[in-house]
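The values are calculated or read from the model by the stated rules, or taken from the named source; none is laboratory data. Worth saying up front: this structure is predicted, and the values here are computed from it rather than measured. Cβ atoms come from the backbone with ideal geometry, glycine included; neighbour counts cover every protein chain shown. Ligands, DNA and RNA are excluded from the accessible area calculation, which covers all protein heavy atoms including side chains. Shrake-Rupley method; radii C 1.70, N 1.55, O 1.52, S 1.80 Å.
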Amino acid sequence: MEKYKLVIKHLSKLKDVHLLAVRLILAYGFYNPAIMKWQNIGSITEWFAGMGIPLPTLNAYMAASTEMAGVVLLTLGLASRIISIPLIFVMIVAIVTVHLGNGFEAGNNGFEIPVYYILLLLVILIYGAGKFSVDYLLQLKLDKKSNSN
């Protein structure tokens with residue numbers, strides 16, 4: 001039992017490395033879809049309209065902007081918890097409008113990958129960005145300022 005506790009103690013030191021890895025993987029995952037949307041925003045608008053998404057132009061720009069903001073903010077670890085919420089919403093919309101009818105498996109364009117993204121975004125939403133982030137540095141600065149008052 002003592003060895004188990006020792007292993008757990010050492011593994012818990014990797015929490016911040018894991019949170020960094022999760023953020024970077026998510027940022028990488030959103031990068032290509034965001035770029036693709038921005039490069040073809042007219043086509044994305046038409047695609048959204050064809051799926052019956054209301055206000056397709058507005059929603060195309062919102063999806064592209066949210067994904068690009070996610071790339072930047074998750075990479076920096078800035079406002080990570082905040083950006084996770086609209087990114088989760090984008091993934092839910094993607095599941096409902098594109099992937100749900102194809103089943104679960106990613107190979108069939110199912111909702112498997114968006115579900116994984118949601119689960120990873122929930123990790124960031126719940127645990128924060130970790131020590132290797134701008135969020136952490138800002139919190140240190142705020143704590144230092146509040147302790148000096």
At 1.4 Å probe size, put K9, K141 in order of accessible surface, largest to smallest.
K141, K9
Sorted from largest down, give the three principal axis spans of the alpha carbons of the stretch 1-82, whole angstrom values.
61, 23, 20
Rounded to the nearest 10 degrees, the helix 56-76 long axis (Cα) sits at an angle to the longest Cα principal axis of the chain of 20 degrees
Could you list log10 I(q)/I(0) for the stretch 39-92 at q = 0.20, 0.21, 0.28 Å⁻¹, which the Debye formula gives when each Cα is one point scatterer?
-0.70, -0.75, -1.02
What number does the chain give for Rg over Rh if you use C-alpha atoms and the Kirkwood radius?
1.09
Could you compute the FRET efficiency for L78 and N40, with r as their C-beta to C-beta distance and R0 at 25 Å, rounded to 0.05?
0.35
So the angle from the long Cα axis of helix 2-12 to the longest Cα principal axis of the chain, reported in degrees to the nearest 10, equals 50 degrees
Return the sequence-ordered ³J(HN,Hα) values of the stretch 133-142 in whole Hz as given by the Karplus equation 6.51 cos²θ - 1.76 cosθ + 1.60 applied to θ = phi - 60°, using x for Gly and Pro.
7, 5, 3, 5, 4, 5, 5, 4, 5, 5
Count the lysine pairs in the stretch 1-138 that are 8 or more places apart or on different chains: how many have C-alpha atoms under 18 angstrom apart?
6
Measuring from label point to label point, each 7 Å out along Cα→Cβ, what is the L119 to Q139 span in nm?
2.4 nm
Alpha carbon centroid spacing (whole Å) that separates the stretch 2-25 from the stretch 83-149
19 Å
For the chain, modelled as a GNM with alpha-carbon contacts under 10 angstrom, which of S12, S43, S133 fluctuates the most?
S12
Between F132 and M51, what length comes free when the chain is fully extended (0.36 nm per residue of separation minus the Cα-Cα distance, one decimal in nm)?
25.2 nm
May I ask you to give the solvent-accessible area per residue for the stretch 9-147, in square angstrom, as obtained with a 1.4 angstrom probe?
60 Å²
Rounded to the nearest percent, how much of the accessible area of the chain (1.4 Å probe, protein heavy atoms only) is carbon and sulfur?
69 percent
Checking P54, P33, P86 against a Gaussian network model of the chain (alpha-carbon springs below 10 Å), the top fluctuating residue turns out to be P54
